[in-house]
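Comments concern the structure below.
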Amino acid sequence: MKKMILTLTLAATVLASPVLAKTVRIGTEGAYAPYNFVDDTGKLAGYEIDLGNALCAEAKLTCEFVTNEWDTIIPNLIAGNYDMIMAGMSITDERKKTIAFSDEYYPAAPSRFMAAKDAKFDFANLKGKKIGVQGATMQAAYAQEHLAPANKILSFETFDQSVADLAAGNIDLLLADADPLENVVKASKGAMVFVGDGIRIGSGVAIGLRQKDTELKDTLNKALASLKKKGTVDELIKKYFKAGPFYSN
């Protein structure tokens with residue numbers, strides 16, 4: 001997939017600091033609704049796009065979004081192809097070995113299993129199943145640790161690909177974040193259902209940053225705290241997730 005750069009119309013004033021006196025590039029996937037997706041007009045949309053817009057305006061930064069495949073989104077941050085990640089990325093101890101995180105902008109949500117209706121599973125003794133995950137996610141790591149080798153774990157490049165293979169009957173179960181799965185369950189009109197209990201794997205969702213970029217992290221955290229206090233973050237969560245409030249006083 002070719003990278004697509006969409007320049008956001010944001011505040012024109014840039015902070016005087018040499019670290020921040022430039023256009024800040026935000027890496028996202030564009031394929032993980034409701035966090036981020038490409039709408040019917042071909043434009044990036046979703047919770048993180050609106051929030052990124054608001055954060056940059058609050059911090060008086062000029063920003064642009066860059067789309068990147070999920071499985072290389074952290075390596076390309078480290079390589080300098082963009083300056084931060086907003087892509088439904090949960091904070092995990094493993095990721096913290098490589099990158100830094102801002103304060104969370106969405107609370108920790110459970111991971112869930114989805115399957116075709118009428119499918120039956122014994123989660124106390126799950127064996128011989130084909131379980132789909134999106135590669136390089138915390139669900140992929142969990143599945144490899146806890147569900148293999150008794151089951152076959154199949155990794156997909158994108159979330160949409162994993163959903164399509166479940167619908168086609170190529171896998172028995174799909175393990176992913178509950179929020180994007182909920183959209184699929186609703187859209188399926190009963191063909192797909194949640195099965196089993198929710199699993200808590202990571203912490204809240206936050207901005208991924210290079211560990212050396214402490215000034216940018218501090219700037220974003222201050223802007224995020226301000227937007228939480230104003231109620232902006234909760235308003236966007238309500239719009240896209242029909243949940244909350246979580247952060248307003």
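Annotations for the structure displayed:
Matching residues to (1) assigned to a strand (DSSP E or B); (2) not aliphatic (A, V, I, L, M):
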{"site": "GLN139", "(1), (2)": "no, yes"}
{"site": "TYR142", "(1), (2)": "no, yes"}
{"site": "GLU145", "(1), (2)": "no, yes"}
{"site": "ALA148", "(1), (2)": "no, no"}
{"site": "ILE153", "(1), (2)": "yes, no"}
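- Given (1) buried (at least 20 other Cβ atoms within 10 Å of the Cβ); (2) part of a strand (DSSP E or B); (3) in contact (Cβ under 8 Å) with a residue 12 or more places away in the chain, number of the condition PHE37 does not satisfy: (3)
The rows are residues; the columns are (1) within 30 Å of LEU224 (Cβ to Cβ); (2) assigned by TED's automatic domain parsing to the domain that holds ASP179; (3) hydrophobic (A, V, I, L, M, F, W, C); (4) surrounded by fewer than 21 Cβ atoms within 10 Å (Cβ to Cβ).
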position: LYS120; (1), (2), (3), (4): no, yes, no, yes
position: LYS127; (1), (2), (3), (4): no, yes, no, yes
position: LYS130; (1), (2), (3), (4): no, yes, no, yes
position: VAL133; (1), (2), (3), (4): yes, yes, yes, no
position: GLN139; (1), (2), (3), (4): yes, yes, no, no
position: TYR142; (1), (2), (3), (4): yes, yes, no, yes
position: SER155; (1), (2), (3), (4): no, yes, no, yes
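- Candidates LEU166, LEU174, LEU224, filtered to the one that is in contact (Cβ under 8 Å) with a residue 60 or more places away in the chain, part of a helix (DSSP H, G or I) and surrounded by 16 or more Cβ atoms within 10 Å (Cβ to Cβ): LEU224
- Tallying residues that are over 20 Å from TYR106 (Cβ atoms) and surrounded by fewer than 20 Cβ atoms within 10 Å (Cβ to Cβ) within segment 40-61 yields 5.
- Residue check, TYR240 in a loop (DSSP other than H, G, I, E, B) and surrounded by 15 or more Cβ atoms within 10 Å (Cβ to Cβ): no
- Candidates VAL185, VAL195, VAL233, filtered to the one that is touching a helix residue (DSSP H, G or I) at 6+ places or on another chain (Cβ under 9 Å), assigned to a helix (DSSP H, G or I) and surrounded by 15 or more Cβ atoms within 10 Å (Cβ to Cβ): VAL233
- From the options LEU173, LEU216, LEU209, residue that is in contact with a Lys or Arg (Cβ under 8 Å, 6 or more places away or on another chain) and within 25 Å of ARG25 (Cα to Cα): LEU209
The values are calculated or read from the model by the stated rules, or taken from the named source; none is laboratory data. This one's a predicted model, so the numbers in the text were calculated from it and none came from an experiment. With ideal geometry, Cβ positions are generated from the backbone for all residues, glycine too; neighbour counts draw on all protein chains shown.
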